[in-house]
Each structure stands twice: as C-alpha cells, then as structure tokens.
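See below for the structure under consideration.
The values are calculated or read from the model by the stated rules, or taken from the named source; none is laboratory data. Predicted, not measured: the structure shown is a model, and the values here were computed from it. Cβ: placed from backbone, ideal geometry, glycine included. Neighbour counts: every protein chain shown.
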Amino acid sequence: MRTSVIISSLLHVGILFWAFAGFTATREFKANPVQSIPVEILSPGEFTKLKAGDKKEKAEKTEVKKPEPPVKKVNKEKPKKKKAVKKAVNAPAKQEKKEPVVVPKKKKAVEKPKPKPKPKPKVAEKKIKKKVKPKPRAKKATNKNNFDADRIAALLNKIPDAGGNDAQKAPIAPKRQVSRGDPRGRDKTISVSEIDAFRTQISQCWNPPIGGLGADRIVVKVRISLNKDGTLNRPPKVVNSMSSTSFLPAADSATRAIWQCQPYTMFTPERYNVWRDMVLSFDPREMYGG
Amino acid sequence: MLEVFTTNLSQPGDLSIMGLFLQAHFVVKAVIVGLLISSVWCWAIILEKLFVFRRTRRETDRFEQQFWSGQSLDELYNMIREQQSNAMASLFIAAMREWKRSVEGNPRPMAGVQMRVEKVMDVSIAREMDRLERRLLFLATVGSTAPFIGLFGTVWGIMTSFQAIAVSKNTNLSVVAPGIAEALFATALGLLAAIPAVIFYNKFANESARIGQRLEGFSDEFSAILSRQIDVRS
C-alpha cells in the first residue's frame, strides 16, 4: 500500500507541476498588429487626407506670396483659403480679359513695349494654372475628409488639444471629428495609418456590451492621457453620460479596452504633444458594422 | 467605487491555477485541498488494487492448474503450506488443516467433518474477500461525494462573485470572472477525483465478485471431493 501511495502522490505532484507550468496563465492570443492598408487601395489615387491637406497648404502659401501685384486680395484673406483660391482664380481671369484689350489701345504706336504686357498675361496664365490645380485638390480633400470622418469618427474621434483650433486647419476639415491640431500650428499631425493602427488595436480589446436595450446607440466618450511610451498616464475618464442603464457597462467596457490595450506604441514620439491627450469616442454601431 | 473599479481593471486577475487557488476563499481552499488529498488516496488505492487483483488472478490460475493436475492433495498441501499468499491456496490450506485435524488418528472420520470443513472454507472465503475489497468503499464514497464537495466549493465561489458584484455595483466580467473561475476550479477538481474513482470502483467490484465466485466454486468442488472421500472411508 505504501508504494502505491507514493506512486499516486508522485503522479499528482507531476500533474500539478505540469499544470502550473503549462497553464501559468491564459495564453494571450496576440495577433500581429494589422498594418493598415494604404488608402490608395480603397480610394485609388488619393493620399491620406491629412497629408494632402498639409501639402496643399504649403503649396498655396508659396503661390500666394509670389503673385503679390496682381492678386492682392489673396494675401488679406489668407486664412480662408477656399474663398481665396476662388477669388484668386477669378481675379486673374478678369485681368486676362482686360489686359489684351487695354494694352493694344494705349500703346499702338510704340511696338517696343509690347513684350511688357505679354509676360503679364503669361504670368497670369501660370497663376491661373497653378491656382486651378489646387482647386480640385481642395475639393477632393474636403470630400476625403468627409468620407474619412465617417469612417474614423465611428470608433475614434479625436478632438484637438486646447490649442488645436488654429486658423490654418479649421478650413481643411471644419466638421471633421478626427481633426487634430498642434498648439503651435505646425503641420504636426497624426497620420491616418497611425490612427488606423490605434483604432484596430483598441477595437481588438473592445468588447462592447451586447443585447442591452438600445445598447447600440450608446456612444461613450473617453478622455485619455498617455505617457511618452504609450502607456496610460492616468485612468481614462468618461466625459459624457447618458441616462440609459446600458451606459455604465458600455463605459466600463470602453475603459477596460483602453486599459487592456496599452501601451500604444504606434505613435511617433516626436509628436507626443499631439497625441498626449485625446478624447476617444466608442460607438458600437461601427463595431457591429451598422 | 472608482477605486474598486480601477483596481479591477488594472489587475484583470491572475487566472493561472496557482493564482486561482491563492485568490480563493478559505472554504474553497479547504475544498480544493480536501479533493486533492482524496484524489491522491483514490489513486493509491486504485494502483494497489490493480496490482492485487492481477496477482490474485494469476496465482489463482496457477493454483487451479496445480490442483487439477492429478497431484495428491496431501502433497499439494505440504508443498503450498509454506507459501500461503494466494486466496484460493489459503482456502485450500484452511480446509485441509481442518480435515487433517478431524481425520488424524482415527481411521473413520469424525461425524460432521463435512460441515466443519465447509464452515472453515466459508470463513476463509469471507476473509479473503474482505482483504480484496478493503478500501474499495473509499472509492465508492469519493465517487459519489466528490462532485458534491466540488459543487459546494462552486456555490461558495459564486457567492463570492455575487458579493463582488454587490461591492462594485457592477456586473462586469472582470468583477464576476475570478469568483466564477475559482468556483469552476473546485467543481473540476471534484469531477477529476470522482470520475476515476467511479470507473475503478465498478471495475474492482466486478473483478472481486468474479474472484468470489471462483472461490465459491472451488470450495463447492473441494467439499464434493471431501464428501466422496468420507463416503469411501466409512
């Protein structure tokens, strides 16, 4: 009997040891972070909207400075670009019409000054060309912005920092919830791929409560502040509230998702002040594909 | 409330087996330890009985072969008397001893020899069966009660998780899950102990019944031989 007791206890100890070693914890099912596919595939020929917006701004600035004499209105209305662009386009068009008529009348006798007026229309034409080009871009950009806003706003709405409402960015995406800004007004932005990566990471951890009455209509907004290494600086804070009974579980699930998914390493540390403080909005409808 | 909430979230709970055990309530711990001990003891019994039954079967076969090989019973008795380890052999030895005591000295066997030998053989069978079936009842007990003990631990663990709900006023999975996990762990252990106990109890009960039948059959045949002997001598 003694031998069998010994054998049995050895067996149990072995099994327990195996269990401790084998099931130390629930294994994490970590999928490789999904690299967000460039937008080109989805909407061909288009870059991520943010970068497009920035590039356009720079291009317009340079254009606006050069043609100072013919288009003075543009400079005054710098912040409002759409209008500026339209006016800029209209102005040279008028000039073009006028100039060829005016020049020949005044200087018929003298042939020498002819070359002088000629370059003017050329410049004007160039200006027109230059300014015509940004126009469709600007339209496309705004279209993109609206489109992307729908897509992204669902899970992740970023509301800019306190200093984020600088005049430059406002016209680019006036209604965009994902607008993000730099307090200093430079084009430091979070790229869409970063946002997509952030969004995928959080949606992997997010387990929205299912089945509550009107649970799919509950949107939770959570303010998070991150450390530079992508971990949470302090507990996430739910900033909105709803009277529904399902709101508390939904808010809990959102905060839990944020807790569990950290650290968020997809952001570039150079733009830390951009993503340091964010407000995320969790909308289950997007999760259900509604 | 907020603190409870955040601690629950920041520490989603160690769901390893050791972590579950350490987090568990005292009662659940006691249940788990008790079930583990009973499982160890069950398996000790199972292993021992496996050896015992296999040996008994083999030696019984060998003895029957010897018994029916035509050897004289006296020789067989002298040969086997020293070993005396086998159930059937010890039955045979007890019967032969009683027979020798009754027959020795007087050419005519004493009255009632048949009955005495049968009695001795019955006692011997009972003793052997008792030896074979010893501790089998423990298996039966564990098999029938371990699930209930595990269930007790489960109920207790679920009570814990309900208390957690009451404290945090929150039905999150992270609030409920640890209690339920430890609870289910207790049931799992109960089943783990009970299932082999039931299986092997049935197996051993069946086997001991077969060995008992063989012993009964042997004792009947032996008493038939004795009665023939008595009739021949008288």
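Name the one entry in B:Ser227, B:Ser174 that is away from chain A (no Cβ under 14 Å) and touching a residue at least 24 places away in the same chain (Cβ under 8 Å). Lay out the reasoning, then the answer.
On the way: B:Ser174 fails: away from chain A (no Cβ under 14 Å).
Testing whether each residue is away from chain A (no Cβ under 14 Å) and touching a residue at least 24 places away in the same chain (Cβ under 8 Å) leaves just B:Ser227.
Got a sec? Which of A:Ser244, A:Ser253 is at pLDDT below 80 and farther than 15 Å from A:Arg199 by Cβ?
Values: A:Ser253 fails: at pLDDT below 80.
Being at pLDDT below 80 and farther than 15 Å from A:Arg199 by Cβ holds for just one of A:Ser244, A:Ser253, which is A:Ser244.
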* Asked: Would a scan of region B:118-134 turn up a residue that is among the small types (Gly, Ala, Ser), away from chain A (no Cβ under 14 Å) and under 30 Å from B:Arg54 (Cβ atoms)?
  -> yes
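So, restricting to helices (runs of 4 or more DSSP H) that lie completely within region A:212-290, which ones have at least 2 residues that are among the β-branched types (Val, Ile, Thr)? Give the steps one after another, and end with the answer.
Details: elements: A:247-261, A:272-275, A:284-287.
Helices (runs of 4 or more DSSP H) meeting the threshold: A:247-261.
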* Structure fact -> Scanning region B:37-55 for residues that are more than 7 Å from chain A (Cβ to nearest Cβ) and surrounded by 16 or more Cβ atoms within 10 Å (Cβ to Cβ) gives B:Ser38, B:Trp41, B:Cys42, B:Ile45, B:Ile46, B:Lys49, B:Val52, B:Phe53
* **Residues located in region A:190-211, provided they are part of a loop (DSSP other than H, G, I, E, B) and under 30 Å from B:Thr171 (Cβ atoms)** => A:Trp206, A:Asn207, A:Pro208, A:Pro209, A:Ile210, A:Gly211
* Asked: How about region A:245-282: which of its residues are touching a helix residue (DSSP H, G or I) at 6+ places or on another chain (Cβ under 8 Å) and surrounded by fewer than 16 Cβ atoms within 10 Å (Cβ to Cβ)?
  -> A:Thr268
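Quick grid of which residues meet (1) surrounded by 19 or more Cβ atoms within 10 Å (Cβ to Cβ); (2) in a helix (DSSP H, G or I):
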residue	(1), (2)
B:Phe148	no, yes
B:Gln163	no, yes
B:Thr171	no, no
B:Ala177	no, yes
B:Glu182	yes, yes
B:Gly212	no, yes
B:Val232	no, yes
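Name the residues in region B:68-89 that are closer than 20 Å to B:Ala224 by Cα and buried (at least 19 other Cβ atoms within 10 Å of the Cβ), would you? Break it down into steps so the answer makes sense when it comes.
In the first step, residues of region B:68-89 are kept if they are closer than 20 Å to B:Ala224 by Cα; the result is B:68-77, B:87-89.
Those that are closer than 20 Å to B:Ala224 by Cα and buried (at least 19 other Cβ atoms within 10 Å of the Cβ): B:Ala87, B:Met88, B:Ala89.
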* Structure fact -> Considering region A:277-290, residues that are out of contact with any Ser or Thr (no Cβ under 6 Å at 6 or more places or on another chain) and modelled with pLDDT of 80 or more, and then whichever is farthest from A:Leu226 (Cα to Cα), we arrive at A:Asp283
